[in-house]
Amino acid sequence: MPIRMCVACREAKPKRELIRIVKNKEGVVSVDTTGKAQGRGAYLCPNVSCLEKAYKIKALNRALECEFTQDMLQEVKRVILRREIEK
Ligand SMILES: [Zn+2]
């Protein structure tokens, strides 16, 4: 089981328990729901507090080497909330 680290709390967890955010070759950042998207990836716990912490400390900017915008924050938040509903 591959283990990855959350960029916000730095806790290591099994890959499938984390959300992967990926930047593709064109520089477009999105949430990788398949876990197979090509590009530079960063992992995050599926909760809003880790997401907001990552945004505040700019951990995703560093991990993805790009500007992680407010729009992206909202998109990831939607994915997290959807996951919580489906649980
Ligand atoms: Zn975390």
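The values are calculated or read from the model by the stated rules, or taken from the named source; none is laboratory data. Keep in mind it's a predicted model, so treat the numbers as computed, not measured. Here Cβ is always computed from backbone atoms with ideal geometry, including for glycine, and neighbour counts include all displayed protein chains.
General observations
- Members of the range 64-74 found to be part of a helix (DSSP H, G or I) and surrounded by 14 or more Cβ atoms within 10 Å (Cβ to Cβ), listed by number: LEU64, MET72, LEU73
- Test: VAL22 is more than 9 Å from the ligand (Cβ to nearest atom) and under 14 Å from LEU73 (Cβ atoms): no
- Considering the range 39-82, and only residues there that are away from the ligand (no atom under 14 Å from the Cβ) and of a type in the set (Asp, Glu), the residue that is nearest to the chain's Cα centre (by Cα) turns out to be GLU75.
- GLY41 falls short on exactly one of the conditions (1) touching a Lys or Arg at 6+ places or on another chain (Cβ under 7 Å); (2) assigned to a strand (DSSP E or B); (3) buried (at least 19 other Cβ atoms within 10 Å of the Cβ), and that condition is (3).
- Residue selection: VAL22 fails the criterion of being assigned to a strand (DSSP E or B) and touching a helix residue (DSSP H, G or I) at 6+ places or on another chain (Cβ under 6 Å).
- Test for GLU17: is it at negative phi and more than 15 Å from the ligand (Cβ to nearest atom): no
- Yes/no for ALA8 being at pLDDT 95 or above, part of a strand (DSSP E or B), crowded, with 16+ Cβ neighbours inside 10 Å and within 13 Å of the ligand (Cβ to nearest atom): no
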